[in-house]
Amino acid sequence: MSNDAPKMKLGAFLMAGGHHIAAWRHPKAYARAGVDIDHFISLTQMAERAHMDLVFFEDAAAIRERDPRLASQAARSTSFEPLSLLAALAVNTSRIGLVATASTTYNEPYGLARTFASLDQLSGGRAGWNLVTSASELEAENFVSSGLRPHAQRYARAEEFADVALALWDGVDAGAHIVDGVKGVYADPAKIHPVGHDGAHFSVHGLLDSQRSPQGRPLMVQAGASDAGMNLAARTADVVFSAAQTLAEAQAFYTGIKSRLAQFGRSPDDLKIMPGLSPIVGATVREARAKYDALQALIPDEVGVALLASYLSIKSLSDYPLDGPLPDMPPNAGIQSRQQLIIDLGRRENLSIRELARHFAGARGHWQVIGTPSQIADEMEARFCSGGADGFNIMPPLFPGGLEDFVALVIPELRRRGLFRMNYEGATLRENLGLGPVTRR
Amino acid sequence: MMHLGVSLSPFGHHPAAWRQPGATPRALDFRHLVAQVQKAEGGALDFVLLGDAQARRPRIDLPPQTTPFEPTTLVAALATRARKIGFVVTAASGQHELYNLARRFASLDLISQGRMGWNLVASGPTVSWNKEYVAVVTALWDSWDANAFVYDKSAGRFFEPNKMRVLEHRGEHFTVRGPLNVNPSPQGKPLIAQALTAETLALVAHSTELLLVANASQEAGRGMVIEARQLLTGQGRDSSEVRSLANVVPWIGATRAEARNRFDHINGLSSQESLKSWQGRDVIGTATDIADALQESFERGDFDGFTIMPPIAPDDLNAFVDCVVPELRRRGLFRAHYEGATLRDHLSLKPSQQPAR
């Protein structure tokens, strides 16, 4: 590839000990990573030194496992709250994008839009919001007595939520704060546009107290792969984070989203698709495989099976033989798209519940590639160059080692091939992602 | 020992502070705000208070007294750049889902390693709603027993399951399963602060550890504190585990005449301004005069300390730390350096206790 060819976008999907469910048990794992802010600052700075586009954080506003005995075996049972975490990272980095997940079902648009405006200001235009509608029962039980709302209701609220947030971010123009003491003018009234919104879900009247975002407005990220999710993404998102096991799945999703953009007056370049990728890097195939096996050996079966059940949005798989296939499952109110991906994977590779659970425990259904730097770069290049991805959200199985491996071994290989930047192109996250400037809606 | 906090404001707390010559929009930048926090930390002050002009909505103007940042977001950034001083951060109960607020503050307490306090604005619909809100937030913060997290790699045990408290709260106003998905901090849980007024008295007596007194009149403020202490003792709380701090607006000059001139000049600029937002007792004079006034009030037992509201920032903050704090130290009234690591340590409070099971 030539040097002026399009470059891959690369995110670092951070998590305390690693994406692998048993990573925290690894001899090299830092068990207290999840309560150490300096651990996250140093991982983010590592990704920034490699000129990665962004760091990414998922979220759940609940413990992730109902059974205390199972929850007690997983490091991801507790974590920093991602928006406070992002603020801490913003002032300890200067170039890398900072994206965190927040729910439209369990927040109000004014407060959340205000928080992201603050994050965008603290970071100098590097903040992004991964919009989710929260599919888990355990989250619902922390907020309402009526249980998880149906998928369609959650997305109807999300559509209106996104519109209110976008309007609030447009409420203050650049340079609205004048601070002219002599004339007694603090803010220019012509540059202030209070929102007056009365909708089915929200009534919002007022103004954010922030200055205008240095990148126009925070980046909008989404991961929903249902029809409603893809429509919301096509209308409002700048980046889509997805899960795809095979090249064909990745291409189908890529085409599915990009083909929807025109109906919202957008062009294919206005939205970047970054599927998750968990790389297990070794100098040789044998070494990579040994790293993977060492992690796999640390998974208690019951923890792996419980994680699988939670992503299938069913209470338990314990009524089925571990060495038999997945049972047939009805659609449910939870994550419909991920459920289908798991079922397809089990059928395609003819996996038992135990095997599927162990496979799934590495990257929660995301694409895993085990191999040498050049093998991993080959796989990434194939998807990038054949309409499967604009980039990848990298999910190292173990921190910091897995990210160190990717940064030290895979990124240089991508650069040799002209697939990844040598330096940041711009100052803001939008500029580095190659997204155009934002105009008032 | 006297306790001292300082309230953060880009231009200062006086409504006309932004009209001072030299004030520019750059004062709104993070680096100027963190410089103020670091100045306060240099003086070994107990905490920085972050107010919130948006705690009462809706607003359709841009208010100059508080920062242009959402305070529970801003404070996470500040806490990584000032690693000793405590923080007391305003958030309105009516503006945050209960679980989210408990989680945000627990996370802030962990980011700061135990230096966080919540300045509660009880903006919920009723007293009973606010009481239940605060009680459930506190119970969520108590989700984990001390030493619940064992990180036992070989046994595969991240925490001891019998040391997790699943709340299963079903109350009149809230249904919250729990537990909180954030580890406890070195001070156990965040401290709860609240402005003490006739309206907040009942809730203050119920759950507040740091009483913030905004009365311009010392006598009125003192009366409120006595009433609150009686009320909370009557509810079985330990009055010695509560701190009361009065707001003080120090107008500091090299001479009394200079201090008085500053006061008069700025008040002259504020004819069209609202003078009611952040209140406190104006003290006008030299650094020695300010120290005299604080000492007199402190030694009379009116208050455990003071929240300094610099009328002009950063000038009055700098003058307070550089001139008044050393004078208080010479008199043996204020610490020379931090003696503990957490906000509760700074305020000479015990680490938080969990209720028995």
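The values are calculated or read from the model by the stated rules, or taken from the named source; none is laboratory data. Note that the structure is predicted; figures quoted are calculated from it, not measured. Neighbour counts run over all protein chains shown; Cβ positions are idealised from the backbone, glycine included. Just the protein is used for accessible areas: all its heavy atoms, side chains included, with ligands, DNA and RNA removed. Shrake-Rupley method; radii C 1.70, N 1.55, O 1.52, S 1.80 Å.
Residues A:Arg415, A:Arg430, A:Arg440: which one is under 21 Å from the mean Cα position of the chain (by Cα) and of a type outside the set (Val, Ile, Thr)? Step by step, each of A:Arg415, A:Arg430, A:Arg440 is checked, and only A:Arg430 is under 21 Å from the mean Cα position of the chain (by Cα) and of a type outside the set (Val, Ile, Thr).
Go through A:Ser146, A:Ser72 for me and flag whichever is over 18 Å from A:Gly229 (Cα atoms), more than 7 Å from chain B (Cβ to nearest Cβ) and free of Cβ contacts under 8 Å to residues at least 24 places away in the same chain. Steps first, please.
Details: A:Ser72 fails: more than 7 Å from chain B (Cβ to nearest Cβ).
Selected residue: A:Ser146, the only one of A:Ser146, A:Ser72 that is over 18 Å from A:Gly229 (Cα atoms), more than 7 Å from chain B (Cβ to nearest Cβ) and free of Cβ contacts under 8 Å to residues at least 24 places away in the same chain.
Anything in the stretch B:125-162 that is of a type in the set (D, E, K, R) and either farther than 30 Å from A:Ile299 by Cβ or within 23 Å of the chain's Cα centre (by Cα) (or both)? List them, or say none. Within the stretch B:125-162, B:Lys131, B:Glu132, B:Asp142 qualify. Within the stretch B:117-151, the set of residues being of a type in the set (D, E, K, R), under 17 Å from B:Asn183 (Cα atoms) and touching a helix residue (DSSP H, G or I) at 6+ places or on another chain (Cβ under 9 Å) comprises B:Asp145 only. Summed over the stretch A:245-269, the residues that are open to solvent by 60 Å² or more (accessible area, probe 1.4 Å) and of a type in the set (Asp, Glu) give a count of 1. Quick one: is A:Ser145 farther than 19 Å from A:Leu208 by Cβ, surrounded by fewer than 24 Cβ atoms within 10 Å (Cβ to Cβ) and within 21 Å of the chain's Cα centre (by Cα)? So A:Ser145 does not fit the description; no.
For the stretch B:116-126, indicate whether the set of residues that are facing chain A (nearest Cβ under 9 Å) and not aromatic (Phe, Trp, Tyr) is non-empty. For the stretch B:116-126, residues facing chain A (nearest Cβ under 9 Å) and not aromatic (Phe, Trp, Tyr): absent. For the residues A:Ser77, A:Ser94, the requirement of being facing chain B (nearest Cβ under 10 Å), among the polar types (S, T, N, Q), touching a Lys or Arg at 6+ places or on another chain (Cβ under 9 Å) and on the phi < 0 side of the Ramachandran plot singles out A:Ser77. Note on the stretch A:223-327: enclosed helices (runs of 4 or more DSSP H) holding 1 or more residues that are closer than 30 Å to A:Leu166 by Cβ and of a type outside the set (A, V, I, L, M, F, W, C) are A:227-236, A:247-258. Residues of the stretch A:8-36 that are surrounded by fewer than 24 Cβ atoms within 10 Å (Cβ to Cβ), among the charged types (D, E, K, R) and facing chain B (nearest Cβ under 8 Å): A:Arg32 alone. Of all residues in the stretch A:260-286, those being closer than 18 Å to A:Leu433 by Cα and not small (Gly, Ala, Ser) number 10.
Take the stretch A:114-142 and flag every residue that is open to solvent by 30 Å² or more (accessible area, probe 1.4 Å) and not in a strand (DSSP E or B). Walk me through how you get there before you give the answer.
Of all residues in the stretch A:114-142, those open to solvent by 30 Å² or more (accessible area, probe 1.4 Å) come to A:121, A:124, A:132, A:136-137, A:141.
Passing the criteria: A:Gln121, A:Gly124, A:Ser136, A:Glu137, A:Glu141.
None of A:Ala357, A:Ala377, A:Ala382 is closer than 30 Å to A:Lys258 by Cα, open to solvent by less than 10 Å² (accessible area, probe 1.4 Å) and not β-branched (Val, Ile, Thr) except A:Ala377.
Yes/no per residue for (1) surrounded by fewer than 23 Cβ atoms within 10 Å (Cβ to Cβ); (2) touching a residue at least 40 places away in the same chain (Cβ under 8 Å):
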{"residue": "B:Gln65", "(1), (2)": "yes, yes"}
{"residue": "B:Glu70", "(1), (2)": "no, no"}
{"residue": "B:Thr80", "(1), (2)": "yes, no"}
{"residue": "B:Ile85", "(1), (2)": "no, yes"}
{"residue": "B:Gly94", "(1), (2)": "yes, no"}
{"residue": "B:Asn147", "(1), (2)": "yes, no"}
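With respect to (1) over 21 Å from B:Gln194 (Cα atoms); (2) at the interface with chain A (Cβ under 7 Å from one of its Cβ atoms); (3) at pLDDT below 95, the lone exception for B:Ala16 is condition (2). With the structure loaded, tell me whether B:Arg104 is at the interface with chain A (Cβ under 9 Å from one of its Cβ atoms), under 30 Å from B:Ala214 (Cα atoms), buried (at least 23 other Cβ atoms within 10 Å of the Cβ) and of a type in the set (Lys, Arg) or whether it fails that test. Spelling it out, B:Arg104 is indeed at the interface with chain A (Cβ under 9 Å from one of its Cβ atoms), under 30 Å from B:Ala214 (Cα atoms), buried (at least 23 other Cβ atoms within 10 Å of the Cβ) and of a type in the set (Lys, Arg).
Taking the stretch A:59-81 as the range and being closer than 23 Å to B:Ser112 by Cβ and charged (D, E, K, R) as the test, the residues that pass are A:Asp59, A:Arg76, A:Glu81.
Would you tally the residues in the stretch A:55-110 being in a loop (DSSP other than H, G, I, E, B) and touching a strand residue (DSSP E or B) at 6+ places or on another chain (Cβ under 7 Å)?
Start the filter on the stretch A:55-110 by keeping residues that are in a loop (DSSP other than H, G, I, E, B), which leaves A:58-67, A:72-74, A:78-81, A:91-96, A:104-108.
Okay, now just the ones that are also touching a strand residue (DSSP E or B) at 6+ places or on another chain (Cβ under 7 Å), so A:58-59, A:61, A:72-74, A:96, A:104.
Total meeting the criteria: 8.
In the set (1) facing chain A (nearest Cβ under 10 Å); (2) under 30 Å from A:His177 (Cα atoms); (3) of a type in the set (A, V, I, L, M, F, W, C), the condition left unmet by B:Ala148 is number (2). When restricted to residues that are out of contact with any Asp or Glu (no Cβ under 9 Å at 6 or more places or on another chain) and hydrophobic (A, V, I, L, M, F, W, C), the stretch A:64-82 contains 2. Taken over the stretch B:303-347, the criterion of being over 16 Å from B:Gly86 (Cβ atoms), open to solvent by 40 Å² or more (accessible area, probe 1.4 Å) and not small (Gly, Ala, Ser) is satisfied by B:Pro314, B:Asp315, B:Asn318, B:Asp322, B:Cys323, B:Arg329, B:Arg330, B:Arg331.
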